[in-house]
Amino acid sequence: MKKPPRKRKKIMKRYNRFMEVFWLAVSVMSAAGVIYFYFVEGNDDHPIILSVPFMAFILFVIRRWFRKRMEKDSADS
């Protein structure tokens, strides 16, 4: 049984918002982890780990842009 279009839109809106908050949380937690392990512990064996918070933040920005575009498109319809 298919869900009505309004219900699908509501679910997608909630999903997009959840993913936005999820990537922001991942970005903040990974930044805290990198600061701790890289600078406090002095474990600088793998400098590529510094890119993880930046990648998570980029995903947050993309999700935010996508959500705003979806809201604008649904308001225009």
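Inside the range 24-49, can you point out the residues that are in contact with a helix residue (DSSP H, G or I) (Cβ under 8 Å, 6 or more places away or on another chain) and not in a helix (DSSP H, G or I)? Asn43, Asp44, listed by residue number.
Yes or no: Arg69 closer than 30 Å to Lys9 by Cα, surrounded by 13 or more Cβ atoms within 10 Å (Cβ to Cβ) and not small (Gly, Ala, Ser)? No: the conditions fail for Arg69. Of all residues in the range 2-19, those that are on the phi < 0 side of the Ramachandran plot and at pLDDT below 90 have Cβ atoms under 8 Å from Cβ atoms of residues that are in a loop (DSSP other than H, G, I, E, B) and exposed (fewer than 11 other Cβ atoms within 10 Å of the Cβ), 6 or more apart or on another chain, in Ile11/Lys3.
If you go through the range 18-37, how many residues are surrounded by 14 or more Cβ atoms within 10 Å (Cβ to Cβ) and either among the β-branched types (Val, Ile, Thr) or under 26 Å from Trp65 (Cα atoms) (or both)?
Looking only at the range 18-37, we keep the residues that are surrounded by 14 or more Cβ atoms within 10 Å (Cβ to Cβ), and these are 19-20, 22-24, 26-28, 30-31, 34, 37.
If we keep only those that are either among the β-branched types (Val, Ile, Thr) or under 26 Å from Trp65 (Cα atoms) (or both) as well, we get 19-20, 22-24, 26-28, 30-31, 34.
Selection size over the range 18-37: 11.
Exactly one residue out of Val40, Val52 is surrounded by 15 or more Cβ atoms within 10 Å (Cβ to Cβ), over 12 Å from the mean Cα position of the chain (by Cα) and not aromatic (Phe, Trp, Tyr), and it is Val52. In the set (1) over 30 Å from Arg6 (Cα atoms); (2) touching a Phe, Trp or Tyr at 6+ places or on another chain (Cβ under 7 Å); (3) in a helix (DSSP H, G or I), the condition left unmet by Phe60 is number (1).
The values are calculated or read from the model by the stated rules, or taken from the named source; none is laboratory data. Computed from a prediction, not measured in an experiment: that's the story for all the values here. We place every Cβ from the backbone using ideal geometry, glycine too, and count neighbours over all the protein chains shown.
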